[in-house]
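Throughout, read-outs are computed from the coordinates displayed, never taken from laboratory work. What you see is a predicted model; the values in this text were computed from it and never measured. Neighbour counts are summed over all protein chains in view; Cβ atoms, including those assigned to glycine, are modelled from backbone coordinates with ideal geometry.
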Amino acid sequence: MRAPTSTGRGSPLATRFCIAGAMATAAYAAGWADAASAAAPPPCGGAPQVTDATGDGHHNNTDVVAAWLAEQSGRVQAVIQPRVAVWEPAHPDSDAAGFALLYDLGGQVRYVRAEAPREAPVRFDHGTWTSSGGFAHVGATTGEAVAGPGGTVTIDVPGILPGAVLARPFVLTYDGVDSTGPHWVDRAPGGVTPDGVEYGADFVAGSCAGPGGGGPQPGGGGATTTAVQLRAPRRLVGGGTATVGGRVLPARAGVTVAVTATARGARVRRARTQADGTFSLLVPIAETTRLRAVAEGIGSQTQTVTVRSKVRIRVRGAVVRGSVSPRLPGQVLLLRSGAVEPTARTKARGGSFCIRLAHPRPGRYQAVFIPSGRRAERSTSNTGVIR
């Protein structure tokens with residue numbers, strides 16, 4: 001069912017998308033479709049193909065938190081779950097909000113999409129996608145949008161035969177379109193715009209069909225991998241070694257899993273699965289790194305390990321020495337407490353730096369380390385005192 005809409009730029013409803021919890025509660029009380037009574041099919045294998053950080057999209061109703069592919073109905077369906085399920089544009093001057101799941105099939109990027117116009121039912125279509133041409137409509141498809149707490153939109157994916165691999169899926173959302181193209185809100189997984197390099201997990205059609213659709217079961221001798229799930233820490237302080245694990249479906253022992261760690265370059269480490277399909281390995285992480293696991297040609301979702309740097313200083317007289325980790329190049333700013341401008345600046349090299357002050361002023365000082373090329377997040381040091 002459709003949500004009530006704004007009556008103009010001055011209406012309180014025009015800004016309601018900034019109040020997620022209150023909006024969802026009001027929507028439910030207003031009699032929107034109950035998400036529990038029209039629940040979307042669950043993801044194959046119990047884990048969504050796509051997960052994304054909450055809040056990286058700047059509108060609550062087009063900020064994607066998860067998306068997955070399912071086939072409990074006997075056909076492949078795409079499910080997209082936004083932070084708040086309100087099926088209309090947030091901007092008063094936008095005609096529609098869009099929710100598209102894209103995937104690679106045989107080297108061609110295809111999409112299924114739900115467009116939510118103002119004061120009209122949600123419409124569904126499918127087609128192809130290119131970075132230069134955007135969405136190229138091929139035809140209509142069917143689906144269902146459920147508003148309210150936990151709401152989702154489910155879209156039928158046409159033309160998928162058993163055994164087809166829907167590779168590297170991702171979701172794009174937008175709020176309004178003008179002569180320059182869609183006003184992008186979220187890319188899941190990843191940032192905002194279509195040019196991201198993170199993807200969801202591959203999906204093999206037919207691997208989850210039938211009653212219950214609970215996912216591939218332990219296979220016999222002829223079983224091949226139909227899904228790969230990957231787990232990794234979201235953040236490391238100072239870099240180090242990350243424990244990376246996951247599982248393959250169907251669960252069985254002896255499957256080789258290649259985990260690629262990509263930062264400035266790419267490094268591959270391999271592990272073999274246990275009888276329950278799980279695997280684990282240690283991966284050195286020296287800067288923000290993207291991880292993806294592949295087993296028998298089937299890939300996991302991209303997981304990004306964000307590295308937050310560490311900086312420490314020691315003050316002796318007019319000399320400030322410091323160390324940074326990871327040992328990345330970057331700029332160091334020395335700031336006196338209460339000052340607007342840095343007292344001094346230098347470069348970190350090989351994990352250390354030194355600042356000699358010609359005319360030091362007494363006070364409390366901290367150093368800010370800014371790694372080059374955004375290879376890690378910046379950090380602030382402990383406090384040193386010049387007397």
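Descriptive notes on the structure:
- Selection among Val294, Ser325, Thr142 by position relative to the dipole of the chain gives Ser325 as farthest towards the positive end (Cβ unit charges, Cα centre).
- Reported value for segment 293-387: 107 Å³ per residue, from the convex hull of its C-alpha atoms.
- Residue of Val315, Val305, Val76 that the Gaussian network model of the chain assigns the largest fluctuation, springs spanning Cα pairs under 10 Å: Val315
- Options Ile355, Val109, Gly46, ranked by Cα towards positive dipole end of the chain, top entry (Cβ charges): Ile355
- Given +1 at the Cβ of Lys and Arg, -1 at the Cβ of Asp and Glu and no other charges, the dipole of segment 318-366 around its Cα centre is 120 debye to the nearest 20.
- Among residues other than Thr383 with Cβ under 12 Å from its Cβ, the summed charge is +4 (Lys and Arg +1, Asp and Glu -1).
- The calculated 222 nm mean residue ellipticity attributable to helices in the chain amounts to -1000 deg cm²/dmol, summing -39500 (n - 2.57) over DSSP H runs of n ≥ 4 and dividing by all residues.
- Note on Arg187, Arg231: ascending count of other Cβ atoms within 10 Å places them as Arg231, Arg187, the fewest first.
- ³J(HN,Hα), Karplus 6.51/-1.76/1.60, whole Hz, each residue of segment 173-187, x for Gly, Pro: 10, 8, 10, x, 9, 10, 5, 8, x, x, 8, 5, 10, 8, 10
- Positive-end extreme of charge dipole, the chain - chosen from Ser379, Ala67, Gly254 (charges on Cβ): Ser379
- Inter-part distance where segment 143-162 and segment 246-303 are each reduced to a Cα centre, Å: 30
- For Gly238, the residues whose modelled amide H falls within less than 5 Å of its own, excluding neighbours fewer than 5 places apart on the same chain, are Arg308, Ser309, Lys310.
- Contact order normalised by residue count of segment 12-204, Cα under 8 Å, 6+ apart, percent: 24
- Taking a Cβ cut-off of under 13 Å around Arg235, the surrounding Lys, Arg, Asp and Glu residues balance to a net charge of +1, with basic ones at +1 and acidic ones at -1.
- Using a cutoff of 8 angstrom between alpha carbon atoms and counting only pairs six or more residues apart, the relative contact order for segment 111-155 works out to 31 percent.
- Global form of the chain, assessed from the alpha-carbon gyration tensor, a/c cut-off 1.5: oblate
- Taking the Cα centre of the chain as reference, the dipole from Cβ charges on Lys and Arg (+1) and Asp and Glu (-1) amounts to some 3280 debye.
- Cα-centre dipole for segment 12-204 with unit charges at Cβ (Lys and Arg positive, Asp and Glu negative), debye to 20: 240
- Only Cα pairs under 8 Å and 6+ residues apart enter the sum, and on that basis the relative contact order of the chain stands at 12 percent.
- Result for the chain in a Gaussian network model with C-alpha springs under 10 Å: among Ala164, Ala258, Ala344, the largest mean-square fluctuation is at Ala344.
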